[in-house]
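Report on the following structure.
The numbers here are math on the coordinates, done by the rules we state, and not lab data. What you are looking at is a predicted structure, and each value in this text was computed from that prediction instead of being measured. Neighbour counts are summed over all protein chains in view; Cβ atoms, including those assigned to glycine, are modelled from backbone coordinates with ideal geometry.
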């Protein structure tokens, strides 16, 4: 696999939803170097009145941005139809928490050769998560697991980020493991601390929500870092990564 090499700590950043070309260009220009960008083009939302993504319009606009900038695009597939629509645009496919149990979609993903980031289901056990990954590919190096927090009784934050899972998976499997502290907490002030903890616990990277104008974001703005906060976090991780025998990749 050409992505997520050994001894690297990869930071994927970007907005929950792709809202327009200015949003992405601001992100890429501010960071100056951004190898991995996430942006939701198709969105599954609990509230049907919430923004559902730019969909086909978003694919067209992001394809044009990719002609101007050099980066790997990560975006979520939500159905077989969206997989077909995105296949020529995305470099790494994301499967969201709601679709971890969508075995027909996972079977279809096994037929393509792009890396897949598989987010943990909201209440999934590790065994269920690993078995879902095996639907995509029995080769552990073709699937990247992403811990994004699980539901618990605690109501002070959006989810309970399960770093126990990261430690277990890195010692008991050969999967690359990312951590999403944005969804894992739903609290932007916690993202910095949990990002550093993820590096220390042995994760292979982070999935960070960031927006050039969080207060105006169409989805999840409350947990998104602004671009200056993201840049400062990247600088901190870059200093810490060598202490854990990692090289930063952004």
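Structure data summary
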| read-out | value |
| --- | --- |
| Most mobile of 218, 145, 227 in a GNM of the chain (Cα contacts under 10 Å) | 218 |
| Gaussian network model of the chain, springs between alpha carbon atoms under 10 Å - residue of 188, 239, 49 with greatest fluctuation | 49 |
| Mean separation of Cα contacts under 8 Å, 6 or more apart, over the residue count of segment 8-104: relative contact order % | 25 |
| Along each principal axis, Cα extent of segment 76-115, largest first, Å | 24, 17, 17 |
| Residue 70 versus residue 22: modelled label distance in nm, points set 7 Å from Cα along the beta carbon direction | 2.9 |
| Fraction of beta bridges assigned by DSSP in segment 114-250 that are antiparallel (%, nearest 5) | 10 |
| Ellipticity estimate at 222 nm from DSSP helix runs (n ≥ 4, -39,500 (n - 2.57)) divided over the chain, nearest 500 | -11000 deg cm²/dmol |
| The chain: most fluctuating residue of 68, 56, 19 per GNM, C-alpha cutoff 10 Å | 68 |
| More than 14 angstrom apart: percent of Cα pairs within segment 176-250 | 57 |
| Rounded D (µm²/s) - the chain, Kirkwood Rh over Cα pairs, Stokes-Einstein at 4 °C, 1.567 mPa s | 72 |
| Fraction of antiparallel bridges per DSSP, segment 8-211 only, in percent to nearest 5 | 5 |
| Over segment 8-211, relative contact order from alpha-carbon pairs under 8 Å, at least 6 apart, % | 19 |
